[in-house]
1. For the stretch B:182-304, what is the charge dipole size about the Cα centre, in debye to the nearest 20, if Lys and Arg each add +1 at the Cβ and Asp and Glu each add -1 at the Cβ?
2. Around residue B:156, which amide H atoms from residues at least 5 apart in sequence, or from another chain, sit under 5 Å from its own amide H, with H modelled in the peptide plane?
3. From the square roots a ≥ b ≥ c of the eigenvalues of the alpha-carbon gyration tensor of the stretch B:44-95, which class results: rounded (a/c under 1.5), prolate (a/b over b/c), or oblate?
4. Assuming 1.306 mPa s and 10 °C, estimate D for the stretch A:66-194 with Stokes-Einstein, Rh taken as the Kirkwood radius over Cα pairs, in µm²/s.
5. Once the Cβ-Cβ distance between residue B:76 and residue B:185 is put in as r, and R0 is 22 Å, what FRET efficiency do you end up with, to the nearest 0.05?
6. Placing +1 on the Cβ of each Lys and Arg and -1 on the Cβ of each Asp and Glu in the protein assembly as shown, which of A:84, B:144, B:102 has its Cα farthest towards the positive end of the resulting dipole?
7. Give me the orientation-averaged projected area of the Cα convex hull of the stretch A:37-138, in nm², one decimal.
8. Normalised by the residues of the stretch B:32-187, what does the relative contact order come to in percent, with Cα pairs under 8 Å and at least six apart?
Amino acid sequence: MTNLNTWQQLVYYFQHNGSYVLRQFSQHFLISIYGVLLAALIGIPLGIFIAHRKKLSNVIIGVANVIQTVPSLAMLSIIMLGLGLGTRTVIATVFLYSLLPIIKNTYTGMENVSDNIIDSGIGMGMTNWQLLRMVELPLSLAVIMAGIRNALVVAIGITAIGAFVGAGGLGDIIIRGTNATNGGALILAGALPTALMAIIADVTLGFIQRHLEAPQARP
Amino acid sequence: MHKIRRFITSCGLLVGSLLLLSGCQPLGIGNRQSQTIRISSLSTTESQILANILSELITHETQNKVTLINNLGSSTVTHESLIRGDADIAASRYAGTELTGTLKMKPTKDPEKAQKIVKKAFKDRYNQTWFPSYGFADTYAFMVTQETAKKYHLETVSDLGKVADQLTAGVDSVWVNHEGDGYPAFKETYGYDFKKVAPMQIGLVYSALAAGKMDVVLGYSTDGRIKSYDLKVLKDDRRFFPPYDTSVVATDQILKEQPALAPLLHRLDGKIDLDTMQTLNFKVDNDLLEPAVVAKQFLQEHDYFRKGAAK
């Protein structure tokens, strides 16, 4: 193996371990997406709620901010104490980190809906629910989507660290690379697909986001 | 309006297809079902290969699914994972380490006795079954490069004593504080001290030695890199390091839930000797093959040890 340079080793590695990398890739992706989806399920309603109750917004966004400042490795270790080893711990960590961008963007998106539009909605006799469903949400959807997009890219990075608590994923390959004799190629073999996943996720969600952009923003 | 509906439908579709993808397994990646057996392994190459061999054996020969809990830092963490119910099987447990570390008993120099004591203690204290050895013992060993060995005429660990005050030693970071067979006890038994001791990841010591960053290192006797770097292993002439016979450990609970499991695991009894383990390690450390790939090849070569299954 020593006669090959790092790139040749990388090609060799993918040729011989392709299906394994693919398995870790999907594992990695699933962990990230479950964490973000859970956070969206909680974060979006919470964001809507605090947008209507301004006094609460400082408290909730403050708490989410504090969560965000905990270093990811420390967070993993803390959650591991409660949930034990394995995928659950990593999903919970991703969930906590995804809360802030999602809550904040939902809140901001709702805030930015012009009062005039809401007033005219009220003037038309809309109920609160109709106002939310037909006016506020459609107008803030693009911003909410941007938050989810942000969260997913961060989540993919955090999941890589999750290999330390035995969750698997592409981080596994990176860790093996740091332990191995000539691990350069192994580290790349784990890191490149991770970066690729983040880019693909970002581009895909960006595409969806553009399609959801409020009609008024387009000419 | 139609946009938001489209958004909600697409979200629904996404969640739905994920659930489909994941099939009957909860979350598609995870655990906590009686059909899923969780195997924990250390961050060493050896442990990961063994874990993958078990995983491949179980998924190939039974209907069960397997989750690997990989990269655990030390035998203590592995032990905890079984005690807390995060894992059902530990892929590699070393009798010597458990004897002094987990059980806090006096080290013994007799491998068979150690195996017996550990087996009984784990059954009584933790309701865990200790399987017979894979057929090889992994032990700590001091090693030097051939040049160093020639220069100072080194053959045994005692020989090191004469020049130890000039040498820096790279050692496994867990070993430094090991009870019974760690650095403090080592100093007592051999009666000397190194100039400097650098604790590091066990996987790094071999290349640190080969690159000349360390004069002497403490590594695992089974590592494939001893071969590839042509290192000189020094004889433990005072028999300081306890025998580290390697075995599978499973919780009694999983063996009860899955009656087919015990005979399956017994297929590996004594099937992997030191040379085989070194070769397997070498394939991963040197030939860039994943432990999963090596494990599969190994089992296919031996037809999943079906012939020996009767005993």
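Values quoted throughout were computed directly from the atomic coordinates according to the rules given, and no laboratory measurement underlies them. Just so you know, these numbers come straight off a predicted model, no measurement behind them. Cβ: placed from backbone, ideal geometry, glycine included. Neighbour counts: every protein chain shown.
1. 440 debye
2. B:235
3. Numbers: a/c = 2.28, a/b = 1.46, b/c = 1.56.
The shape class here is oblate.
4. Values: Rh = 17.2 Å.
Estimated diffusion coefficient is 93 µm²/s.
5. Efficiency for this residue pair is about 0.80.
6. Highest projection toward the positive end goes to A:84.
7. Taking a quarter of the hull surface, the average projection is 7.2 nm².
8. Computed over the stretch B:32-187, the figure is 18 percent.
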